[in-house]
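Read the structure below first, then the notes.
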Amino acid sequence: MALLAITITMPAFAAKKCADFPTQQAAQAHYEKLKKSGQTGWKSLDRDGDGRACDCNKGGKGKNCPTKKK
């Protein structure tokens with residue numbers, strides 16, 4: 001039974017990456033929530049340290065985006 005509880009709650013603690021969010025605004029909301037609550041994982045959403053999460057997602061400024069591998 002304990003294993004089932006861990007499996008169900010695991011996604012809440014799973015690290016998020018920019019590809020997990022449909023827009024920059026959605027990523028920004030998650031980034032702000034994590035940062036404000038003192039949780040970890042928010043720095044990985046802001047690679048350039050400008051305070052804006054996932055700039056390369058739809059709605060972001062789109063500068064310094066990684067190139068897609070062919």
Q: Would you please name the residue that is modelled with the lowest pLDDT, looking only at residues in segment 15-30 that are part of a loop (DSSP other than H, G, I, E, B) and surrounded by 10 or more Cβ atoms within 10 Å (Cβ to Cβ)?
A: K16
Q) Which residues, taken from segment 31-66, are in contact with a Cys (Cβ under 9 Å, 6 or more places away or on another chain), among the aliphatic types (A, V, I, L, M) and either outside any loop (DSSP other than H, G, I, E, B) or surrounded by fewer than 16 Cβ atoms within 10 Å (Cβ to Cβ) (or both)? A) L45
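The values are calculated or read from the model by the stated rules, or taken from the named source; none is laboratory data. The model shown is predicted, which means the values in this text are computed figures rather than measured ones. Note that each Cβ is placed from the backbone with ideal geometry, even for glycine, and that neighbours are counted across all protein chains shown.
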